[in-house]
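Below: the structure, in structure tokens.
The values are calculated or read from the model by the stated rules, or taken from the named source; none is laboratory data. From a predicted model like this one, the values you see are computed outputs, not experimental measurements. Here the Cβ is made from the backbone with ideal geometry for all residues, glycine too, and neighbour counts use every protein chain on show. Areas reflect the complete protein model, heavy atoms only, side chains present, ligands, DNA and RNA absent. Shrake-Rupley method; radii C 1.70, N 1.55, O 1.52, S 1.80 Å.
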There are 2 protein chains.
Amino acid sequence: MSARLAIGIDIGGTKVAGGVVDGEGSVTHRARRDTPDRSKSPSVVEGTIVEVVTELMQLVGPQRVAAVGIGAAGFVAADRATVVFAPHLSWRHEPLREALQKRVAVPIFVDNDANAAVWAEWKFGAAQGETHVMMITLGTGIGGGILINGQVQRGRFGIAGEFGHMQVVPGGHRCECGNRGCWEQYASGNALVREAHSLFSANSPTASDLLDRVEGVVANLTGPLITQAARDGDPTARELLAEIGNWLGVGIANLAAAFDPGMFVIGGGVSAAGDLLLASARETFKRHLAGRGYRPEARIAAAQLGNDAGLIGAADLARYPAEEQTG
Amino acid sequence: MSARLAIGIDIGGTKVAGGVVDGEGSVTHRARRDTPDRSKSPSVVEGTIVEVVTELMQLVGPQRVAAVGIGAAGFVAADRATVVFAPHLSWRHEPLREALQKRVAVPIFVDNDANAAVWAEWKFGAAQGETHVMMITLGTGIGGGILINGQVQRGRFGIAGEFGHMQVVPGGHRCECGNRGCWEQYASGNALVREAHSLFSANSPTASDLLDRVEGVVANLTGPLITQAARDGDPTARELLAEIGNWLGVGIANLAAAFDPGMFVIGGGVSAAGDLLLASARETFKRHLAGRGYRPEARIAAAQLGNDAGLIGAADLARYPAEEQTG
């Protein structure tokens, strides 16, 4: 295994997180910036990425960095260069690699952030040794990645793994993608907060603990605050997380029917809730799986690399661009 | 390419269809029997399969047959020997290959019928030259197969491609698998007939043409009869097919979000309706696809091998069990 360092960048809706990653998947140095507002032009985000890369290169010495990998929350084309559509950013057919390559001296590869995460979890985390892995990242939305026999499956056009935009409720909640009833409207951080807001709107006394935690300022409620309330024993927060977990289990049963993996790895910010989320997901999964009782069942496990999976995977995929020197 | 002959058997809910298949995918000889009633024991079905195989071997001379491939409408384990669960038959963990191998002298392999079909359509039919193919077979239910870079994707346990049991309507129609709201309850031959029955139950005058075609005997209505009525211009039959096509498009958009294939091949008996079904499927697909307008879109095409896809594919997969001498 190469000991060369690589830089990984994870571009999310709220932050641009970067890290220097060694050959064992450890993050040795870090840098981060807020993601520029989505009203800003793509070049502003690019400038932010270059700032993070430059800072990290100066920390370790530019000559030690072999490659830069970008994990982006969007549809990345099979060329690993172009972001064709980013629902949560302002990118449409954005030639991200080309734009960055003019300002960074080492090779750059762009991947979908969840594709990067499934690679990282398979190589260094929860899915080591598995042959058929599906990664589900629960953040503001849902990201996904598929890995078979050590290969990230990007699909014909590079856009595989957009599980969050599978319709689970006909005529359901509106999604940023323009459709209704997308899975990520029911099993994500946004869904968690939306459901809590509904309770506030209904003046439900069951939400009083949550309301106290934000001192009555509804807009300050976040997913992590709800998770903390659930950990502290608030029954409403626990119910909200279990409901998200329930929808997570429905979607996982759908993916298992279609794809039959050996393991689902659940990552992203919401997965920090652990079994408060995963217990109901597992229960619903077992109840919904077609052929249950007659067939082997996939494991559902929490990610091990936490929020670092995207940047670790992006760095490692850039280090081995052909994915040949792997596991 | 080997010129050796192989026998393919397609076991469906109503018929056991067999054929001798040459190296170019042509069916040179045929035999068929009705599928024994599902109340019968598995050994009765096995006896029927052996009858068909024996008849075909006698037709061409046993020494010319290199292998027998079975395509079964059920969950087939990764060992390509065991049917773990067949929703429409009485098989549960049935060691089909072992049972048949005692009575047939050449190597036998068992595959899911839709896996066999996607192989056949990729090698000899509609999907030649495609790298990422999803096959959807519309019969009484929905079968599915996934092929990436010339390999049938069977999943970790052999059960990938059970698209029909993805839930599309929470709390929807009951399915034979025990769940509610499965896709095959909305986009299949059974769904088509059920919707027509609903019109009869409602005494809808719009169903009078269909009722005339079965001389008032509701139980005689079949999918092919509805398709024929649609071809003859009956607006109700056209609406029913378009509704099935609509649900087909919803599910295809979901699969495209998850797997991003270059092509969907639509086979099975219901696909004989052609554009009466596929036009609305394509329209709904385009309206539901996440990122539409910003991304390349998969083609949706009718299967070319018709009802023979399962047996041709089963035969060819048995001839090349390691899938090495392909393409």
Report summary line: Karplus ³J(HN,Hα) for segment B:54-71 (6.51 cos²θ - 1.76 cosθ + 1.60, θ = phi - 60°; Hz, whole; x = Gly/Pro) runs 4, 4, 5, 5, 5, 5, 10, x, x, 5, 8, 9, 8, 6, 10, x, 10, x
Query raised in the report: Non-local amide H neighbours of A:ALA81 (under 5 Å, H modeled in plane, Pro and chain starts lacking H): which ones?
Result: A:VAL110
Requested in this report: Using only Cα atoms, locate the centre of segment B:255-327 and the centre of segment A:142-167, then give the distance between them in Å, rounded to an integer.
Outcome: 18 Å
Query - Sparse-neighbour loop sites [GluC sites (Glu not before Pro); segment B:137-235; at most 12 other C-beta within 10 Å; DSSP] - result: B:GLU215
Report summary line: Given unit charges at Cβ for Lys, Arg (+) and Asp, Glu (-), the dipole magnitude of segment B:190-327 about its Cα centre in debye, nearest 20, is 420 debye
Query raised in the report: Amide H of B:MET166: which non-local residues (sequence gap of 5 or more, or other chain) have their own amide H closer than 5 Å, using H built in the peptide plane?
Result: B:TRP183, B:GLU184
Requested in this report: Determine the calculated [θ] at 222 nm for the protein assembly as shown from helices alone, applying -39500 (n - 2.57) to every DSSP H run no shorter than 4 residues and normalising by the residue count; nearest 500 deg cm²/dmol.
Outcome: -11000 deg cm²/dmol
Report task. Starting from the residue with the highest accessible area, list B:PHE124, B:PHE163 in decreasing order, probe 1.4 Å. Result -> B:PHE124, B:PHE163
Query raised in the report: At what distance in angstrom do the alpha carbon centres of segment B:77-99 and segment A:10-25 lie from each other?
Result: 46 Å
Report summary line: For the pair A:ASN203 and A:ALA78, the simple spin-label estimate (label points 7 Å beyond Cα toward Cβ) gives in nm 5.8 nm
Report summary line: Excluding residues fewer than 8 positions from A:LYS40 in its own chain, the lysines with Cα under 24 Å of it are A:LYS15, A:LYS102
Query - Heavy atoms of A:ARG156 accessible to a 1.4 Å probe, total area in Å² rounded to 10 - result: 100 Å²
Requested in this report: Please get the size of the charge dipole for segment A:2-104, origin at its Cα centre, with Cβ charges of +1 on Lys and Arg and -1 on Asp and Glu, quoted in debye to the nearest 20.
Outcome: 80 debye
Query raised in the report: For labels at B:HIS93 and A:GLU98 in the simple 7 Å Cα→Cβ model, what's the distance in nm?
Result: 5.8 nm
Requested in this report: Treating only the Cβ atoms of Lys and Arg (+1) and Asp and Glu (-1) as charged, compute the dipole magnitude of the protein assembly as shown about its Cα centre; round to the nearest 20 debye.
Outcome: 420 debye
Query - Accessible-area value, B:HIS288, 1.4 Å probe, nucleic acids and ligands omitted, Å² - result: 40 Å²
Query raised in the report: When all protein chains stay in place, what accessible area (Å², nearest 10, 1.4 Å probe) is found for A:PHE259?
Result: 10 Å²
Requested in this report: Under 1.5 on a/c is rounded, so check that first for segment A:66-143, then, if it is not, pick prolate when a/b is larger than b/c and oblate when it is not; a ≥ b ≥ c are the square roots of the alpha carbon gyration tensor eigenvalues.
Outcome: oblate
Report task. Between B:ASN220 and A:ALA219, with labels modelled 7 Å along Cα→Cβ, what's the label distance in nm to one decimal, could you check? Result -> 7.0 nm
Requested in this report: Would you work out if segment A:1-140 is rounded, prolate or oblate? Take a ≥ b ≥ c from the square roots of the eigenvalues of the alpha-carbon gyration tensor; rounded if a/c is under 1.5, else prolate when a/b is larger than b/c, oblate otherwise.
Outcome: oblate
Requested in this report: Express in nm, to one decimal, how much length is gained between A:GLN151 and A:ARG38 on full extension, taking 0.36 nm for each residue of separation and deducting their alpha carbon distance.
Outcome: 37.4 nm
Query raised in the report: Per residue of A:27-36, how many C-beta atoms from partner chains lie within 10 Å of its own C-beta, taken as a mean?
Result: 0
Report summary line: Under the Karplus relation with 6.51, -1.76 and 1.60 and θ = phi - 60°, whole-Hz ³J(HN,Hα) for segment A:39-44, x at Gly and Pro, equal 6, 6, 6, x, 5, 5
Query raised in the report: Which shape class, rounded, prolate or oblate, goes with the protein assembly as shown when its Cα gyration tensor gives a ≥ b ≥ c as root eigenvalues, a/c under 1.5 marks rounded, and past that a/b bigger than b/c marks prolate?
Result: prolate
**Report entry** Average partner coverage of A:244-251, which counts Cβ from other chains inside 10 Å
**Finding:** 1
Report summary line: Residue-ordered couplings for segment A:156-162, obtained by feeding phi - 60° into the Karplus form 6.51 cos²θ - 1.76 cosθ + 1.60 and rounding to whole Hz (Gly and Pro as x), are 5, 10, x, 10, 4, x, 7
Query raised in the report: Picking from A:ALA187, B:ALA78, B:ALA318, whose Cα lies most toward the positive end of the charge dipole for the protein assembly as shown (charges on Cβ: Lys, Arg +1; Asp, Glu -1)?
Result: B:ALA318
Report task. Return the long-range amide H neighbours of B:ALA127 (sequence gap of 5 or more, or a different chain), with a cut-off of under 5 Å between placed amide H atoms. Result -> B:TRP122
Report task. Could you work out, residue by residue across A:151-157, how many beta carbons of other chains sit within 10 Å of that residue's beta carbon, and then give the average as an integer? Result -> 6
**Report entry** Residue-span extension gain [A:LEU59 to A:GLU283] - 0.36 nm each, minus C-alpha spacing
**Finding:** 76.0 nm
Report task. With all distinct Cα pairs included, what does the Kirkwood hydrodynamic radius of chain A come out to in Å, to one decimal, could you say? Result -> 20.1 Å
